[in-house]
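To start, the structure itself, in structure tokens.
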Amino acid sequence: MIFSSDTLANTQQQPSREEIMLKRMDYYAKYHDMFVPWYYLAAIDQYERNIQAVRKDIPKREGIVALQFSKEYWVGALNPNPDDTSIASIQYFNGMGLDGDGDGKADLVNDDDVMFTMKNHLSQYGPGEDNFKIALGEYYKNEKVVTQIISIAKLYKHFNTIDLDTHVFPVPVRGFNYSYRGTWGASRGWGGRRIHEGTDIFAGYGTPVVSTSYGVIEVMGWNEFGGWRIGIRDNHNTYHYYAHLAYFNKDLKVGDIVEPGTLIGGVGSTGYGKQGTSGKFPPHLHYGMYKFNGRTEWAFDPYPSLRQWEKETRQKKK
């Protein structure tokens, strides 16, 4: 893993994606130690970036890192100066802001100060994932948020990188016949009136289904609507839902890490009834995508993403 961006050329242009990634890694590496490994800091930072992208009530933080604290947390709830950077007065009002770069100020807009403050919070609970969960729970007060951040940390630790944005199409683009179109919002009747929250990819029974993304398996088993299905969470708080499968990859289980192209099962026609029900509709993969914003989770149309991933997967196969 590359921890330094010292070799990056100075430029007046907007930094490239690679340059941004390297600069983020510099911050994570700078505050990495045995109590707070880099992937814990990176996971929290990415979670904050994820929710800022989809929440209008949360400002997008300017800077290399997205991690941000409320002014009340930083300077102290009773502090009359919400923009206070004085270490002495922040401590007097029981604020949590700290000086990370040694300039004598605890500045909420300073990336070093923000990263150092979060590291200090985490280190108070001791090393290991169990203590990390406790620290996250004390800070976020939300079990689902804790689970999301833990999943992101697992991915970063396993792949030893934060660059996990590659995607592939969920069925083979060569050697198998398939078809799909945008059916988002179409009506569905079985089990009560509802709308279609996904895209159906029709293919032959048993056609391989692969993970479209890097992720952690959250759900695996039977659902009366989706039949045999798998749910995978990626590092962008996106839940990828694969339903109506004929079979699972027997080597996978809940909690396992997958990457783009990992075989997860095969196209089937299961669902719409008790466990084992099959054949009530033509074989197809129902593919859904859901986003978590720190409060709620909602479905969004996966069709545009599928079109893009299909194109990219075909180009790679040439």
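Annotations for the structure displayed:
- Among the residues making up the range 260-318, those that are polar (S, T, N, Q), surrounded by fewer than 20 Cβ atoms within 10 Å (Cβ to Cβ) and farther than 16 Å from ASP234 by Cα are SER269, GLN275, THR277, SER278, THR296, GLN308, GLN315.
- Taken over the range 142-175, residues that are among the β-branched types (Val, Ile, Thr) and not in a helix (DSSP H, G or I) amount to 6.
- Evaluating ALA153 against the criteria (1) out of contact with any Phe, Trp or Tyr (no Cβ under 7 Å at 6 or more places or on another chain); (2) open to solvent by less than 40 Å² (accessible area, probe 1.4 Å); (3) under 30 Å from SER211 (Cα atoms) leaves one unmet condition, (1).
- Residue, nearest to LYS316 (Cα to Cα), within the range 231-268, restricted to residues that are touching a strand residue (DSSP E or B) at 6+ places or on another chain (Cβ under 7 Å) and among the polar types (S, T, N, Q): THR262
- Out of LEU108, LEU136, LEU122, sole residue that is open to solvent by less than 70 Å² (accessible area, probe 1.4 Å), over 30 Å from PRO208 (Cβ atoms) and assigned to a loop (DSSP other than H, G, I, E, B): LEU108
- Selection within the range 207-231 - farther than 17 Å from GLY276 by Cβ, open to solvent by less than 30 Å² (accessible area, probe 1.4 Å) and touching a residue at least 60 places away in the same chain (Cβ under 8 Å): THR207, VAL209, THR212, GLY215, VAL216
- Check on ILE195, out of contact with any strand residue (DSSP E or B) (no Cβ under 6 Å at 6 or more places or on another chain), open to solvent by 40 Å² or more (accessible area, probe 1.4 Å), more than 26 Å from PHE225 (Cα to Cα) and free of Cβ contacts under 8 Å to residues at least 24 places away in the same chain: no
- Hey, THR262 more than 21 Å from the chain's Cα centre (by Cα), β-branched (Val, Ile, Thr) and modelled with pLDDT of 95 or more or not: no
- Evaluation of PHE69 against (1) at pLDDT below 95; (2) surrounded by 14 or more Cβ atoms within 10 Å (Cβ to Cβ) (one fails), failing number: (1)
- Of all residues in the range 139-163, those that are closer than 22 Å to GLN124 by Cβ have Cβ atoms under 6 Å from Cβ atoms of residues that are charged (D, E, K, R), 6 or more apart or on another chain, in VAL146/LYS133.
- The set of residues in the range 40-66 being within 13 Å of the chain's Cα centre (by Cα), open to solvent by 20 Å² or more (accessible area, probe 1.4 Å) and under 15 Å from VAL114 (Cβ atoms) consists of ARG49 alone.
- Condition broken by THR183, with the remaining ones in (1) farther than 27 Å from ILE257 by Cβ; (2) assigned to a helix (DSSP H, G or I); (3) within 29 Å of the chain's Cα centre (by Cα) satisfied: (2)
- Note on the range 235-259: residues that are touching a residue at least 60 places away in the same chain (Cβ under 8 Å), open to solvent by 10 Å² or more (accessible area, probe 1.4 Å) and within 15 Å of TYR287 (Cα to Cα) total 0.
- Of all residues in the range 265-318, exactly one satisfies the criterion of being of a type in the set (Lys, Arg), in a loop (DSSP other than H, G, I, E, B) and within 23 Å of GLU48 (Cα to Cα), namely ARG295.
The values are calculated or read from the model by the stated rules, or taken from the named source; none is laboratory data. Everything quoted here is computed from the prediction, not taken from an experiment. Please note: Cβ atoms are built from the backbone with ideal geometry, for glycine as well, and neighbour counts cover all protein chains shown. The accessibility values were calculated without ligands, DNA or RNA, using every heavy atom of the protein model including side chains. Shrake-Rupley method; radii C 1.70, N 1.55, O 1.52, S 1.80 Å.
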